[in-house]
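Novice: Questions regarding the structure given below will be posed in turn.
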Amino acid sequence: MRPQGVALLGATGSIGASTLAVIGRHPERFVLRAITAHSSAPALASLAARWAPAFVGLVSTAPTASAQAEWTRGPEALIAAATRADVDVVVNAVVGAAGLDATLAALRAGKRVALANKESLVVGGALVLEAARAGGGTIIPVDSEHSAILQCLHPRGAAAVRRLIITASGGPFRQWESARIATATREDALKHPTWSMGAKITVDSASLANKALEVIEAHHLFGVPYDRIEVVVHPQSVVHSMVEFHDGSVVAQLGVPSMELPVLYALSHPERLADAGVPRYDPVASGALTFEAVRRREFPMLDLGISAGRRGGAAPAVFNAANEAAVAAFLTGRCAFGRIAEVVGAALDRLGDAPHATRDALMAADAAARTFVEEQL
Ligand code: NDP
Ligand code: MG
């Protein structure tokens, strides 16, 4: 079998590193053809030297000594990488709504998209599904919960599903009181108990905005209505999610919290590849697995996001963009943790009914939400 050509968007990030580790262990199956980053030119240059991909793209056009003349520069680099003829699989590991256009382009070009960029589905769910239908592309989730659900559903799909049960670690503030959460610092929020990830998703995991994004993502990926998707806190992050079927049986997928397994599965689905590098699960060493209800009052971002998902239209795009802007402000010390939910809620009240029929309309709603949040801060 000829190796699959891979384009890795967001190669310098956390999922980017997990993907490179997996690809490096399976040279007979995968060959890296294209890599991109936003502005980490030195890191991109060392990946380019190590992997020698045919295409290197840097979104930022700011002058940098590390960039080579043959690199493609600017936001078009993502689409150029994602639609190359020598690419079969696009791993979209870009963070934020900035990943949407590359997802759409890859699906329209008939590629398999290993999707870590959940924001693509949150912002443009209907457009993304339509792009896949139109171009013959397929979406395989990298997000661990959705990978778990896909594995539980395989091979029969979602027809006999009664309920999806998405697990959440609960984040670093799982047991904190509201007043303490409201004034949590950047350092507090970046101390995730079980996963090592990029800064934005780590903050989203602390507020549970990430779980709201994941409920919307699951709704689109598996076509399950919102009232049949539940969230349960599972502090050990070993059960990655569960599916309850009509007959009452519940199937779960377990594993050590490492993104290398869901990345490997997204690249190999529906096959399973032997991989000695993926950490193995030992049930005795791992110890007790516990589950508890989400403290919804203390974590208002969960229901804000799910209600934006139910509202549909531009509301999820507004929720996502307002959250991105508020999290960026939190990370730079311009927004208290407790203010994130306030400004996102206000953005939804003001802009949640924005027009949404096209990609441009969604991006306009996204931009308006970012401007609104900046004005509030
Ligand atoms: P990181 O912040 O670690 O990496 C993000 C990557 O995207 C970097 O390569 C970055 O480049 C690039 N990037 C950032 N902004 C842009 C932009 N505007 N345009 C193009 N490229 C950009 O993020 P993660 O790897 O943690 O997350 C990536 C995605 O995967 C997110 O959607 C996240 O929700 C999802 N995900 C992550 C998990 C994890 O374990 N990390 C788990 C499940 C999902 P540069 O280095 O130059 O800034
Ligand atoms: Mg996840």
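The values are calculated or read from the model by the stated rules, or taken from the named source; none is laboratory data. All values derive from a computational prediction rather than experimental measurement. Positions of Cβ are backbone-derived with ideal geometry, glycine not excepted, and every protein chain shown enters the neighbour counts. Quick note on the areas: whole protein, heavy atoms, side chains included, nothing else; ligands and nucleic acids left out. Shrake-Rupley method; radii C 1.70, N 1.55, O 1.52, S 1.80 Å.
Novice: Calculate the FRET efficiency for T183 and E292 from the Cβ-Cβ distance with a Förster distance of 22 Å, rounded to the nearest 0.05.
Specialist: It comes out at approximately 0.35.
Novice: Next question. Among G16, G136, G248, which one shows the highest mean-square fluctuation when the chain is modelled as a Gaussian network with alpha-carbon springs under 10 Å?
Specialist: Top of the fluctuation ranking is G248.
Novice: Please state the relative contact order of region 4-141 as a whole percent: Cα pairs under 8 Å, 6+ residues apart?
Specialist: 22 percent
Novice: Of H219, H234, which has the most accessible area and how do the rest follow, probe 1.4 Å?
Specialist: Sorted descending by solvent-accessible area, the residues read H219, H234.
Novice: Express in nm, to one decimal, how much length is gained between H246 and A285 on full extension, taking 0.36 nm for each residue of separation and deducting their alpha carbon distance.
Specialist: Result for the pair: 10.7 nm of gain on full extension.
Novice: On to the next question. Taking only Cα atoms and a 10 Å spring cutoff, compute GNM fluctuations for the chain and point out the largest among I35, I229, I15.
Specialist: Sorting by GNM fluctuation, first place goes to I229.
Novice: Once the Cα gyration tensor of region 68-188 is diagonalised, what are the square roots of 5 times its eigenvalues, in whole Å and ordered largest first, as equivalent ellipsoid semi-axes?
Specialist: After diagonalising the Cα gyration tensor, the semi-axes are 31, 23, 12 Å.
Novice: Same structure again: Below 13 angstrom from the Cβ of V232, what's the summed charge of the other residues (Lys, Arg +1; Asp, Glu -1)?
Specialist: Neighbour charge sum, excluding V232 itself: 0.
Novice: Still on this structure, I have one more. Per-residue accessible area for H269 at 1.4 Å probe radius, Å² rounded to 10?
Specialist: In the full protein context, H269 sits at about 30 Å².
Novice: Using a 10 angstrom cutoff on alpha carbons, build the Gaussian network for the chain and name the most mobile of Q236, Q151, Q68.
Specialist: Between Q236, Q151, Q68, it is Q68 that shows the largest mean-square fluctuation.
Novice: Mind checking the full-extension length gain between E70 and A49? Use 0.36 nm per residue of separation minus the Cα-Cα distance, one decimal, nm.
Specialist: My answer for the length gained is 6.3 nm.
Novice: Rolling a 1.4 angstrom probe over the protein chains, ignoring ligands and nucleic acids, what is the accessible area of K191 in square angstrom, nearest 10?
Specialist: Per-residue accessible area (K191): approximately 120 Å².
Novice: Report the relative contact order of the chain, percent, no decimals, based on alpha-carbon pairs under 8 angstrom and at least 6 residues apart.
Specialist: Relative contact order, the chain: 15 percent.
Novice: Given labels modelled 7 Å from the Cα in the Cβ direction, how far is it in nm from R350 to E375?
Specialist: 0.4 nm
Novice: Remind me, relative contact order of region 233-279 in percent, using alpha carbon pairs under 8 angstrom and six or more residues apart?
Specialist: 28 percent
Novice: Kindly sort E76, E292 by accessible area of their heavy atoms, largest first, with the probe set to 1.4 Å.
Specialist: Heavy-atom accessible area, descending, gives E76, E292.
Novice: In addition: If each of S60 and D275 carries a label point 7 Å out from its Cα toward its Cβ, how far apart are those two points in nm?
Specialist: Distance between the two pseudo-spin positions: 2.9 nm.
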